[in-house]
């Protein structure tokens, strides 16, 4: 039995300690918004926030997370930046197949939390760990700029 | 391909197929809706409060309009496109429209271009549904109007409809679709309906936001990977390391010792370990000790295959196209230009690795899948499980990409899941999960190809002869599609793009060798034959243009006099890209170039102009791609743009990095470190220009892919003077 703090709630999961956070989220807690893509931190589809930092949940064992706070796509709308990013993603119809987009959004929110006005180069640096096989990159870039603008202007986010 | 489409389109119009009104039984479609575990699909649909004017839409008391998509949504925007067609003629409120996947049922949901088969591919979804889905919407609208007319005792002609509301202006009465739904269900289905004049369109050709975006931004979209059924077991499988390998014997003791492993079973595809969760199943799978029987396994490497193909290419193949007297043209030639090309195997590598959920019961089999070949998989499963096809229910979920992989002609992963369920006698629903390594090594690749090309120029410098020889495995021979698309031993999708070359060259031969002894499973990969033929034809034409000392755009336009749609997009792309104007020079040491390519695939025409920068060390950066597209009426222009943006990225991945290579029969790549799609830092700016058209819509999912690689290669040649003929690029060959 391992205790985790997921999306603000204490959760007990009965999994082997070496189980990656990804599978505890998906198979045990049924938080399936976080996706499996590669299992080796190469694609970013499994990105979550651990204490606000983006992390590849496929490569973090649950045993390493005692006392730390995990946020997944299901709860990212609780943050203003999360809502702004999701709204920009909707406005620009970023997703195609959609499978990588939870991870993209989690990385984008983490970027905007520490860089309020990212340049294209900042975006490329922060987002290059997230693969999109549909190559929605043009719109990801545009949507991050859009979200940054709305956050800076204090525009309300739905 | 276009011949087939035209034939089918004619039959469709003559036969009046389309609305399957005979099946308009309330409740029938609903019973087949996906309602278990995955998703909200079946929720809240009360049997007594809906009407189903046909199999394609339902309107509920809450005013929601639910469109049943007979096609898979794998990212290409089909759910939104099909719903747009329905909503346009229905005059629905777009905000109330939602889309779910239709069940597998070839009677109602066949692809009208494929005869009696349901499936998604060949960029046909919009083209085959163009009339059918609009008629569905128009029929429903007529029934809603008739219901209101009866209710209010006014003539139907006095009513208007907009945004999901029927109005009688004279009496200021109005009713929403939801209020009228029950009464409308009792109206007779109109025998014929009049469709709108395109001038009246208010959704088609306008911005209609994608219906699937909200659930794809909050994590709630349901993919096969996300299915959880009560009592379900997850299966992870050990597959043989080479194609054609078999299990000789295995020791499951260590796997079974992993806490949580429930079953270990042998299946024809390998050994499956089942557990309550994926990680445990994987841990168990990794603990298996298996001795493989590789006596019949395929053991060649990619380089040996290429060597064999080069030998084959020395002899004539089966002739796919012959115009004029090619030999005479080459005998009389003043100059012959030659080149040969190597194209590797390519994996689809969808972000969601292949997976499938199967639940067996006493009465049949239920499947959850990002289903792309409904009928093929349904029949394959029925055959394996000794069921009637209608006993196989398929719930179609979103696919996390496919690019052709989920339309496996042999139903490979679907049957693998069913074999596992059968091996445990259906005691639990089974979710087969392929890990990335399983997915990448499972075969069904874009076939490896070798091309040889020659062009003859006469004394006046005119292009008089063209030879194009292709060597590569057939995708279709031996598949259920063989009868449709293999003619005289020639697989049309091996040569498409080459045999359909549009240029006016009087003497032309295209021939092909189809080796049958290469046991690597191959499959269509986004844009199929055009994924390699566009590269060889369009880069070779640039080499010819250089030999003729002609501008590549000017030469193409000269040779495309009889092909106005090719010429139209070519002119538009060249114009928007500023063709002929000097490029901004790069930084010191950088070389810059601009290149063009034009290609028709799936009846759509795309031209692209690429601008590249080649660094001192040869590294290639694509700075900008200007696309012009003629896909007939653009149902959703923003989605057309999205598909071209994505097509550019997909093609660029293959050009810069993509290769599946075999060594001694083993696949050398297994994950995204060695098979690397491009990342955001490699993505160019993409400008898309849509040629206005009144032609019926043609495909958009694939046609953006083929021209990209040749446009970039031609740009690289413009910058460096070197044509790279082997994909992916070995950029050290471009070092200054």
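Here, each number is a calculation from the coordinates, and none is a lab measurement. These numbers were taken from a predicted model, which means no experiment stands behind them. Ideal geometry is used to build each Cβ from the backbone, glycine not excepted, and the neighbour counts take in all protein chains shown.
Starting from the Cα of residue B:562, step 7 Å toward the Cβ, then list every residue of segment B:295-325 with an amide N under 15 Å from that point.
The answer is B:321-325, whose backbone nitrogens lie closer than 15 Å to the label point.
On average, how many beta carbons from a partner chain sit within 10 Å of the beta carbon of a residue in B:672-679?
For peptide B:672-679, the averaged partner shielding equals 5.
What does the helix-only formula give at 222 nm for chain B: each DSSP H stretch with n ≥ 4 adding -39500 (n - 2.57), the total divided by the residues, and the result rounded to the nearest 500 deg cm²/dmol?
After summing the helix terms and dividing by the residues of chain B, the value is -8500 deg cm²/dmol.
Kindly give the semi-axes, whole Å and largest first, of the ellipsoid equivalent to the protein assembly as shown, taking each as the square root of 5 times a Cα gyration tensor eigenvalue.
41, 36, 29
Sort B:503, B:398 so that the residue with the fewest other Cβ atoms within 10 Å of its own Cβ comes first and the one with the most comes last.
Lowest count first: B:503, B:398.
For segment A:111-158, what is the largest minus smallest coordinate of the Cα atoms on each principal axis, given in angstrom and ordered from greatest to least?
33, 21, 14
Once label points are set 7 Å from the Cα along Cα→Cβ at both residue B:291 and residue B:189, what is their separation, rounded to one decimal in nm?
6.2 nm
Using the 10 angstrom Cβ neighbour count as an exposure proxy, how do B:265, B:640, B:165, B:598 rank, fewest first?
In order of increasing Cβ crowding within 10 Å: B:265, B:165, B:640, B:598.
Just the Kirkwood number for segment B:474-548, please: inverse of mean 1/r across all distinct Cα pairs, in Å, one decimal.
By the Kirkwood definition, the hydrodynamic radius is 13.8 Å.
Using the scaling law 2.2 N^0.38 Å as the reference, what is the normalised Cα Rg of chain A?
With N residues counted in chain A, Rg over 2.2 N^0.38 Å equals 1.01.
Just the projected area, averaged over all directions, of the convex hull on the alpha carbon atoms of segment B:497-640: how many nm²?
So the mean shadow area of the Cα hull is 11.9 nm².
Tell me whether segment B:304-432 comes out rounded, prolate or oblate; compute the Cα gyration tensor, take square roots of the eigenvalues as a ≥ b ≥ c, and use a/c under 1.5 as the rounded threshold.
Since a/c reaches 1.5 and a/b is larger than b/c, the shape of segment B:304-432 is classed as prolate.
Using 5 Å bins from zero, what percent of all Cα-Cα pairs in segment A:79-152 falls into each bin?
The percentages, shortest bin first, are 3, 19, 35, 28, 13, 3, 0.
Just counting partner chain Cβ atoms within 10 Å, what average do the residues of peptide B:624-633 show around their Cβ?
Mean partner shielding for this stretch: 0.
Would segment B:650-736 count as rounded, prolate or oblate if I go by the C-alpha gyration tensor, calling it rounded below 1.5 in a/c and otherwise prolate when a/b exceeds b/c, oblate otherwise?
The shape class here is oblate.
Starting from the coordinates of the alpha-carbon atoms of segment B:150-267, obtain the Kirkwood hydrodynamic radius over all distinct pairs and give the value in Å to one decimal.
22.0 Å
Take the Cα pairs of segment B:285-335, get the Kirkwood Rh, then feed it into Stokes-Einstein at 37 °C and 0.692 mPa s and tell me D in µm²/s.
It comes out at roughly 203 µm²/s.
Using a simple spin-label model with points 7 Å from Cα along the Cα→Cβ vector, what separation in nm is obtained for residue B:206 and residue A:91?
2.1 nm
Per residue, what volume in Å³ does the Cα convex hull of chain B take up?
165 Å³
Restricted to Cα positions, what overall size does segment A:2-72 have along the principal axes? Three whole-Å values, descending.
Extents along the principal axes, in whole Å: 28, 24, 20.
If you split all Cα-Cα distances of segment B:587-695 into 10 Å bins from zero, what percentages do you get per bin, shortest first?
P(r) over segment B:587-695, rounded to whole percents: 13, 36, 29, 18, 4, 0.
Please compute, for peptide B:428-437, the average count of beta-carbon atoms on other protein chains lying within 10 Å of each residue's beta-carbon.
Whole-number average of other-chain Cβ neighbours for B:428-437 is 2.
For a test of the definition: using alpha carbon positions, the gyration tensor, and the 1.5 limit on a/c, classify segment B:217-322 as rounded, prolate or oblate.
Oblate, because a/c is 1.5 or more while a/b does not exceed b/c.
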